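The values are calculated or read from the model by the stated rules, or taken from the named source; none is laboratory data. Fair warning: this is a prediction, and the values are worked out from it, not measured in the lab. When we count neighbours, we look across all protein chains shown, and the Cβ atoms used for this are built from the backbone with ideal geometry, even at glycine.
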Amino acid sequence: MLPFTRPSIGEEEQTAVRGVLASGWITTGPKAKAFEEALADYLGGGVRVLAFNSGTSALEAALLAADVGPGDEVIVPAMSFVASANVVLRVGARPRFVDVDPVSRNLSAVRVEAAINPNTKAIMPVHFAGRPVDLNPVYALAAVKGLVVIEDAAQAIGTRYRDRPVGAFGNPVCFSFHPNKNITTVEGGALALADHSIAKRLERIRFHGIEKDESGNVQVSEWGGKMNLPDVGAALGLAQLPKLDGFNARRRELAVRYLERLPSHPSLLVPEDVPGHSWHMFCVCIDYSALGTDRTGFMAALAEHGIGSGIHYPAIHLFALYRRLGYAPGDFAAAERIGEQTLTLPLFPGMADADVDFVCGALGELLGD
């Protein structure tokens with residue numbers, strides 16, 4: 001079975017993890033610090049990087065550090081992984097969804113501006129599948145309206161916007177290193193900051209609200225979670241990071257091959273290649289009803305060919321949790337279409353060109369091309 005993704009783990013990664021296990025220090029320590037420094041060097045721009053135990057934790061900490069809470073609203077795209085909205089609820093605020101472009105699956109400043117109201121505190125653009133959001137208009141709008149921008153770059157490590165790495169500018173930018181991401185720390189994430197002044201507060205939020213003075217005396221002045229990244233994961237990340245650009249270059253080669261070889265069919269909507277895209281996933285939309293089938297049946301047919309696939313993602317506002325907040329079918333047409341029709345095809349650096357050809361051939365057969 002060709003899976004829709006697979007982490008690229010080799011001997012270097014295994015050796016790095018064994019070294020931490022043998023050291024006797026496996027929780028947050030020197031490897032986590034080294035990983036933060038290596039990420040900061042990779043991103044450039046003089047940013048400070050803090051490692052977290054997940055991208056979700058990084059987003060939650062960023063919201064807390066921005067004093068987002070009860071009575072506030074955060075503008076979030078209706079098409080993303082549900083964590084983008086869940087963290088807003090977690091801090092007591094309310095997500096204000098906006099629709100996305102049907103091809104890029106990203107929000108735009110125009111849609112954001114229409115959703116701003118007196119309760120709006122922050123904007124959370126999501127770089128879907130590694131495609132960069134058009135950030136300049138979003139940041140310009142936020143500056144005029146006095147809003148915070150918190151970038152959800154969980155799917156965008158290695159993505160570039162206007163030839164600069166996402167994370168090298170803006171405050172803050174949150175990454176994920178889950179096993180299906182472009183590099184992995186097993187579970188883990190990071191937060192990049194151009195404004196170093198809030199780093200101390202984020203460090204407190206990351207670990208129980210604890211702050212120590214030079215003598216080691218402990219003070220707790222605000223709530224904090226348990227969000228630190230252990231050294232075992234950080235060591236894996238240190239081994240993966242030097243390979244990231246190579247991984248992403250291979251992802252782009254495979255994505256371009258898909259775009260060249262996928263059949264042209266009225267029931268198939270494919271993504272676009274744009275500058276800076278890190279190609280975390282390759283997601284298409286298929287009009288299953290026009291083909292006389294449904295997604296379950298289509299995925300089963302692919303599986304019979306030995307091809308795994310995924311669903312990324314259902315529209316967030318249609319989950320029961322968000323329906324209880326008053327959202328309903330018909331609110332965001334593009335997100336709903338994507339949610340109903342999306343299908344994630346195999347894409348990971350270890351794939352061969354022939355794997356792409358095989359998937360394209362199977363899709364052509366099922367589409368009746």
- Just a yes or no: is a residue in region 183-196 free of Cβ contacts under 8 Å to residues at least 60 places away in the same chain, aliphatic (A, V, I, L, M) and surrounded by 16 or more Cβ atoms within 10 Å (Cβ to Cβ)? yes
- Query: Inside region 161-174, can you point out the residues that are more than 12 Å from the chain's Cα centre (by Cα) and within 22 Å of Ala51 (Cβ to Cβ)?
  - Reply: Arg164, Pro165, Gly167, Ala168, Phe169, Gly170, Asn171, Pro172
- Item | Condition met for Pro275 (surrounded by 20 or more Cβ atoms within 10 Å (Cβ to Cβ), in a loop (DSSP other than H, G, I, E, B) and modelled with pLDDT of 95 or more) | no
- Note on the structure: Among residues of region 125-160 being charged (D, E, K, R) and within 21 Å of Tyr42 (Cα to Cα), the residue nearest to the chain's Cα centre (by Cα) is Asp152
- Query: If you go through region 8-28, how many residues are among the polar types (S, T, N, Q) and not in a helix (DSSP H, G or I)?
  - Reply: 3
- Do we find that Glu365 is at pLDDT 95 or above, acidic (Asp, Glu) and within 28 Å of Gly167 (Cβ to Cβ) in this structure? no
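Residues are listed down the side, and each one gets a yes or a no for (1) part of a loop (DSSP other than H, G, I, E, B); (2) buried (at least 18 other Cβ atoms within 10 Å of the Cβ):
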site	(1), (2)
Tyr258	no, yes
Cys283	no, yes
Ala301	no, no
Tyr327	yes, yes
Asp331	yes, no
Gly350	yes, no
Glu365	no, no
- Message: So Glu12 ticks every box in (1) farther than 13 Å from Ala192 by Cβ; (2) out of contact with any Gly (no Cβ under 9 Å at 6 or more places or on another chain); (3) exposed (fewer than 13 other Cβ atoms within 10 Å of the Cβ) but one. Which box is left unticked?
- Response: (3)
- May I ask you to say which residue of Ile316, Ile307, Ile338 is buried (at least 18 other Cβ atoms within 10 Å of the Cβ) and more than 27 Å from Ala153 (Cβ to Cβ)? Ile307
- Query: Does at least one position in region 92-102 carry a residue that is touching a helix residue (DSSP H, G or I) at 6+ places or on another chain (Cβ under 6 Å), closer than 26 Å to Ala32 by Cα and among the aromatic types (Phe, Trp, Tyr)?
  - Reply: no
- Message: Quick check on Leu262: is it in contact (Cβ under 8 Å) with a residue 60 or more places away in the chain, touching a strand residue (DSSP E or B) at 6+ places or on another chain (Cβ under 8 Å) and buried (at least 18 other Cβ atoms within 10 Å of the Cβ)?
- Response: yes
- Task: Report whether or not Leu345 is in contact (Cβ under 8 Å) with a residue 12 or more places away in the chain and surrounded by 20 or more Cβ atoms within 10 Å (Cβ to Cβ).
- Result: yes
